[in-house]
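Bear in mind that the values in this text are calculations on the coordinates, not laboratory data. On a predicted model such as this, the values are computed, not experimentally measured, just so you know. As a convention, Cβ positions derive from the backbone with ideal geometry for all residues, glycine included, and neighbour counts pool all protein chains shown.
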Ligand code: IPM
Ligand code: MN
């Protein structure tokens, strides 16, 4: 059976990086028994200018009817605040993608690019942020009164907390993690107090896992001081947004960071964490690895192809030893374009898949 994959290229560097993500899927298709059918699902700033909607109904229907969505990046200069973003939020809410999975892994080959390279980092950085993706301050409950008062309500529901925390515990167990860290602000915020109560409750069913609660401000500090201390990190929507950029910086470049917006068993969306980077768009210099690792996540989470996912990761590691895009450049290695980086990873993947 052919898996239907919706493709949102988006704005800026989006189309360039998505091209390389598709290259990887086509390589997988050629050397495995999986097969894919791609369908464009236009969304973003350019689409908003043309049609007055950043996520047209027709696009949402295409996405809903697919098995997964590969999403580039959206946003063009000069748009009103929130217009392009509303396409991403519309997909997350519309498909109830309550898990935002964000791996923060420092490849051995990139240790030279880690901002903590002169500091002890134990056995390296390899953690996953499990971010709640539909509630909190992103629930879009609020408004502006007389241009004087602006309110957003931080909404956490019991069922919303339960499902993300349960997911995180299962994730930690599946990956043989020893510890799970919950990040909140329970000393101040009521929603965090509900969250913490539920974390403690669900934690009782996982006696073998070490459980840790941290306040988000302290966590931001400890993430830099001892990133090797964390494995699964579960947190609410806004805290997850903020700490994932901090994490992405630790692995050498925002261009390396991938994510999956997931509703287990249903159509899910995979996207690099970086934005549309209009300043470098069209130059063929963007790092495609964030997108390629998002494809890896898609194969792992939506299609349960763990072995192929692992092969993609190994291919990235090998490629990084030979060449780099400029954001992770190393003077001793060849500097590659977006296309060349994708080609190199695809070549490596071919040899793994043939074995
Ligand atoms: C992210 C982004 C989004 C967010 C924006 C673009 C809606 O920053 O995926 O981290 O705030 O979640
Ligand atoms: Mn963000």
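Calculated mean residue ellipticity, 222 nm, the chain: -12500 deg cm²/dmol, from DSSP H runs (n ≥ 4) at -39500 (n - 2.57) each, averaged per residue and rounded to 500.
Modelled spin labels at residue 108 and residue 57, positioned 7 Å past Cα toward Cβ, are 5.4 nm from each other. A simple spin-label model places pseudo-atoms 7 Å from Cα toward Cβ; at residue 118 and residue 335 they are separated by 2.4 nm. Please work out the FRET efficiency for the pair residue 81 and residue 354, using the Cβ-Cβ distance as r and a Förster radius of 35 Å; give the result to the nearest 0.05. Approximately 0.10, to the nearest 0.05.
Which of rounded, prolate, oblate describes the stretch 141-222, given a ≥ b ≥ c as roots of the alpha-carbon gyration tensor eigenvalues and a/c under 1.5 marking rounded, otherwise prolate only if a/b is larger than b/c? Prolate shape, in that a/c is at least 1.5 and a/b is the bigger ratio. Taking all Cα pairs closer than 8 Å and separated by 6 or more residues, the relative contact order of the chain comes to 22 percent. Distance between the pseudo-spin-label points of residue 322 and residue 174 (7 Å out from Cα toward the beta carbon): 3.1 nm. Note on the stretch 1-68: Cα Rg divided by 2.2 N^0.38 Å, N the number of residues, gives 1.21. Most tightly packed first, judged by the mean number of other beta-carbon atoms within 10 Å of their residues, the peptides 214-222, 284-292 read 284-292, 214-222. FRET efficiency for the pair residue 279 and residue 197, taken as 1/(1 + (r/R0)^6) with r the Cβ-Cβ distance and R0 = 45 Å, rounds to 0.50. For the chain, the alpha carbon convex hull comes to 147 Å³ per residue, rounded to a whole number. Looking at the P(r) of the stretch 36-85, how many percent of alpha-carbon pairs lie beyond 16 Å? When all Cα pairs of the stretch 36-85 are counted, 40 percent exceed 16 Å.
Taking a ≥ b ≥ c as the square roots of the eigenvalues of the Cα gyration tensor, the stretch 1-154 is oblate, since a/c reaches 1.5 or more and a/b is not larger than b/c. In percent, rounded to a whole number, the relative contact order of the stretch 115-250 is 39, using alpha-carbon pairs under 8 Å and six or more apart. Could you tell me the center-to-center distance, by alpha carbons, between the stretch 1-64 and the stretch 286-355 in angstrom? So the two Cα centres are separated by 19 Å. Take the alpha carbon gyration tensor of the stretch 269-335, find the square roots of its eigenvalues, order them as a ≥ b ≥ c, and report rounded if a/c is under 1.5; if not, report prolate when a/b exceeds b/c, else oblate. Taking the square roots of the gyration eigenvalues as a ≥ b ≥ c, the stretch 269-335 is oblate.
Once you reduce the stretch 95-129 and the stretch 200-268 to the center of their Cα atoms, the two points are 10 Å from each other.
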